């Protein structure tokens, strides 16, 4: 048993001695000074040009035109707003838009959908006459289904008789 203990101690010493670290023959080179990393390019602040948010900011309310009762003709105030929309669309030729036609709650559902369509088409046709490609514009009529003003009075109806241009994202 004594012999076994001596053999065990000797083999343990050899095993531990084999694991000892030896110092390297040569030290690694000193670190080389590097230049500072190049900063990432600045990300533009604000909405992406051609997006709905960018369009709304640029239009400042000129994204909507208003109509008289049972009318879909473009008056001088509407023409000014549509010129501003056309300038924006011509500046961003890859952007597309939908012109939404709306009506107030008076009239039948079918009549209001048809009137909303005539309003959307009138605005679209005016934009096309100003140089915006027909292929970049769509129309949709919501009739009385999406009012911006609730109420059954002239003030609410006047706000709901409209055509709104929205960007297609």
For residues that are without any contact (Cβ under 8 Å) to a residue 40 or more places away in the chain and assigned to a helix (DSSP H, G or I), scanning just the range 89-115, find the one that is nearest to residue 168 (Cα to Cα). 91
Would you be able to tell me the number of residues in the range 85-96 that are touching a strand residue (DSSP E or B) at 6+ places or on another chain (Cβ under 7 Å) and over 15 Å from residue 48 (Cβ atoms)? 2
Here are some conditions: (1) surrounded by fewer than 17 Cβ atoms within 10 Å (Cβ to Cβ); (2) outside any helix (DSSP H, G or I); (3) in contact with a helix residue (DSSP H, G or I) (Cβ under 8 Å, 6 or more places away or on another chain). Residue 132 meets all but one. Which one does it not meet? (1)
Only one of these is modelled with pLDDT of 95 or more, closer than 30 Å to residue 100 by Cα, surrounded by 12 or more Cβ atoms within 10 Å (Cβ to Cβ) and touching a strand residue (DSSP E or B) at 6+ places or on another chain (Cβ under 6 Å): 63, 70. Name it. 63
Give the range 96-122 a look and list any residue that's in contact with a helix residue (DSSP H, G or I) (Cβ under 6 Å, 6 or more places away or on another chain), under 20 Å from residue 56 (Cβ atoms) and either buried (at least 23 other Cβ atoms within 10 Å of the Cβ) or modelled with pLDDT under 95 (or both), or say none. 99, 101, 102
Among residues belonging to the range 136-145 that are under 22 Å from the mean Cα position of the chain (by Cα) and farther than 17 Å from residue 88 by Cβ, point out the one that is surrounded by the fewest Cβ atoms within 10 Å (Cβ to Cβ). 140
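The values are calculated or read from the model by the stated rules, or taken from the named source; none is laboratory data. The model shown is predicted, which means the values in this text are computed figures rather than measured ones. Cβ atoms come from the backbone with ideal geometry, glycine included; neighbour counts cover every protein chain shown.
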